[in-house]
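Asker: Please read through the structure below; I'll follow up with questions.
The values are calculated or read from the model by the stated rules, or taken from the named source; none is laboratory data. Just so it is clear, the model here is predicted, and its values are computed rather than measured. Counting neighbours? That spans all protein chains shown, and the Cβs are built from the backbone with ideal geometry, glycine included.
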Amino acid sequence: MKRVLMIAYHFPPLAGSSGIQRTLRFVQHLPGYGWQPLVVTADPRAYERTSDDLLQEIPEGTVVHRAFALDTSRHLALHGRHLAWMARPDRWVSWRFDAVRTGLRMIRDYQPDVIWSTYPIATAHLIAAQLHRRTGVPWLADFRDPMAQPGYPANPRTRQSFIDIESTAVREARFSTFTTPGAAREYRRRYPEAAARILVLENGYDEESFPPTAHTAQAPEPLHPGQLTLLHSGLVYPMERDPTQLLRALQSLKDSGKLPPGQLRLRFRAAVHDSMLARLAREHQVEDWIECLPAVGYRAAIAEMLRADGLLVLQAACCNEQIPAKIYEYLRAGRPILALTDAAGDTAATLRAAGVEHLAPLDSAEAIATQLMAFVTALRQAKAAPPSPAVVRQASRRERTAELVRLLEACRDGGA
């Protein structure tokens, strides 16, 4: 069996990030294509939050080595402050040193055919670059999203470190992969000499994570019987997923009488910024329409999606070259989707391709009010269409793994 050494910070028992799913599902499906995954990840002490709910989904016998790592902001700060260079390119840069030692030992013991590293975290690419240079094992750099962007990271020296890391990866890796067409286009523009080696490998959903009832025609019990519930599952960022105009739109529909109390509930699951949502709800006098609930296990979150009347997407125009990983689980859940995102972005394009009709820009309360009311009306009349099953099937993690395998084979055959 061929082998791939996988450098990934996001791996169980880390909790609170959908980024875990990409590596975990590749690890699950790669053996079925004749590839053995060998994982180098961080010691759990580096994680802010942990949960055991996905540990049992790591296939039995998978080789996983957890290298020593610290979180600079928690472990190396004095009175809550630390020097900037101690967290460059990221707060987990200490992971680099033991991960390189661990990776070299695994390369010696297992003789992997390819090294694969995934961002975020930026340090993962630093580790892979050093392993590639010291051993000559070909490297596949999985960026997922763009690294250095205008104004991000905010610290100029940290941003320059991101530029240095990404340019090294694009230059030295056999392939660089991104999860969206827009991100790949941007990097082909930045690095035209490597354009042919910059490819798209989208995220997806894991079929095995959906309960057997998801395959039946029986309607699940609604979250709030007699009341429509729109669910946003996952982080709500103050800028990239700013809900301000959504709540302003809800206020206008309430004040106009178009949406009386008791007919609609917006549920935010694991938003993290619950205090911001509560404050905005008070300011716009829509507290009775909003509920914020804590994080639950991955499968429980999936089950909740299946019970929602509709699923809510928030994505600002500044993220047009990104697609939230949660989108693919939304698509598989088969529930109608209301997308508040820029029409020119990759998120909107993916949803339109799946037949999603209700879209509005996240920064326009007027447009949101129009689409929200149209969406609610369609739900009431049972006319809100679910995503296209044909498009959904193509987005499974198993299909994505088959695409990854083709790239791994090309890396092995083409060398460094």
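Asker: It is to be established whether one or more residues within the stretch 179-190 are in the same structural domain as E57 (by TED's automatic domain parsing), assigned to a helix (DSSP H, G or I) and over 25 Å from Q315 (Cα atoms).
Answerer: Within the stretch 179-190 (the criterion being in the same structural domain as E57 (by TED's automatic domain parsing), assigned to a helix (DSSP H, G or I) and over 25 Å from Q315 (Cα atoms)), the answer is no, since none of the residues qualifies.
Asker: Oh, and also: Among the residues in the stretch 299-310, are any closer than 28 Å to P261 by Cβ and under 16 Å from the mean Cα position of the chain (by Cα)?
Answerer: yes
Asker: Please verify whether the stretch 72-88 includes one or more residues that are under 17 Å from P37 (Cα atoms) and either aromatic (F, W, Y) or touching a residue at least 12 places away in the same chain (Cβ under 8 Å) (or both).
Answerer: Checked the stretch 72-88: no residue is under 17 Å from P37 (Cα atoms) and either aromatic (F, W, Y) or touching a residue at least 12 places away in the same chain (Cβ under 8 Å) (or both).
Asker: A301 - would you say it is among the small types (G, A, S) and part of a helix (DSSP H, G or I)?
Answerer: Criteria met by A301.
Asker: What are the residues in the stretch 304-316 that are in contact with a helix residue (DSSP H, G or I) (Cβ under 9 Å, 6 or more places away or on another chain), outside any loop (DSSP other than H, G, I, E, B) and farther than 12 Å from R269 by Cα, if any?
Answerer: Once the filter is applied, which keeps residues that are in contact with a helix residue (DSSP H, G or I) (Cβ under 9 Å, 6 or more places away or on another chain), outside any loop (DSSP other than H, G, I, E, B) and farther than 12 Å from R269 by Cα, the stretch 304-316 yields L306, G310, V313, L314, Q315.
Asker: Let me ask something else about it. Of everything in the stretch 393-416, what is among the polar types (S, T, N, Q) and modelled with pLDDT under 95? Give them in sequence order.
Answerer: Matches in the stretch 393-416: Q394, S396.
Asker: Only one of these is under 30 Å from L259 (Cα atoms) and under 25 Å from the mean Cα position of the chain (by Cα): L231, L126. Name it.
Answerer: Exactly one of L231, L126 is under 30 Å from L259 (Cα atoms) and under 25 Å from the mean Cα position of the chain (by Cα), namely L231.
Asker: Across the stretch 329-346, what is the total count of residues that are under 14 Å from the mean Cα position of the chain (by Cα) and surrounded by fewer than 24 Cβ atoms within 10 Å (Cβ to Cβ)?
Answerer: Qualifying residue count for the region: 0.
Asker: Any idea which of A390, A369, A382, A360 is at pLDDT below 95 and closer than 25 Å to P260 by Cβ?
Answerer: Among A390, A369, A382, A360, only A382 is at pLDDT below 95 and closer than 25 Å to P260 by Cβ.
Asker: Which members of the stretch 340-381 meet the condition of being charged (D, E, K, R), touching a residue at least 60 places away in the same chain (Cβ under 8 Å) and in a helix (DSSP H, G or I)?
Answerer: D346, E366, R380
Asker: Run down A99, A84, A69 and say which single residue is surrounded by fewer than 15 Cβ atoms within 10 Å (Cβ to Cβ) and closer than 24 Å to L126 by Cβ.
Answerer: None of the other options fit; the residue is A84.
Asker: Out of curiosity, is L126 closer than 18 Å to C411 by Cα, modelled with pLDDT of 95 or more and in contact with a Lys or Arg (Cβ under 7 Å, 6 or more places away or on another chain)?
Answerer: The answer is no for L126.
This table checks each residue for (1) surrounded by 13 or more Cβ atoms within 10 Å (Cβ to Cβ); (2) touching a Gly at 6+ places or on another chain (Cβ under 9 Å); (3) within 19 Å of A378 (Cβ to Cβ); (4) aliphatic (A, V, I, L, M).
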residue	(1), (2), (3), (4)
L223	yes, no, yes, yes
L228	yes, yes, yes, yes
S233	yes, no, no, no
L247	yes, no, no, yes
L259	yes, no, yes, yes
L264	yes, no, yes, yes
R269	yes, yes, no, no
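Asker: Okay, moving on. Across the stretch 6-46, which residue is surrounded by the most Cβ atoms within 10 Å (Cβ to Cβ) among those that are part of a loop (DSSP other than H, G, I, E, B) and modelled with pLDDT of 95 or more?
Answerer: Ranking the qualifying residues of the stretch 6-46, first place goes to Y9.
Asker: Are there any pairs with C-beta distances below 8 angstrom linking a residue in the stretch 171-196 that is free of Cβ contacts under 8 Å to residues at least 40 places away in the same chain to a residue that is surrounded by fewer than 17 Cβ atoms within 10 Å (Cβ to Cβ) and part of a helix (DSSP H, G or I), with the two at least 6 apart or on different chains, and if so which?
Answerer: Sorted first by the residue in the stretch 171-196, then by its partner, the pairs are R188/A195; Y191/S167; Y191/R171; A194/R171.
Asker: For A46, state whether it is closer than 11 Å to I7 by Cα and either assigned by TED's automatic domain parsing to the domain that holds T158 or touching a residue at least 40 places away in the same chain (Cβ under 8 Å) (or both).
Answerer: Spelling it out, it is not the case that A46 is closer than 11 Å to I7 by Cα and either assigned by TED's automatic domain parsing to the domain that holds T158 or touching a residue at least 40 places away in the same chain (Cβ under 8 Å) (or both).
Asker: Which residue is modelled with the lowest pLDDT, if the candidates are limited to the stretch 168-220 and must be surrounded by 15 or more Cβ atoms within 10 Å (Cβ to Cβ), polar (S, T, N, Q) and under 30 Å from L54 (Cβ atoms)?
Answerer: My answer is S209.
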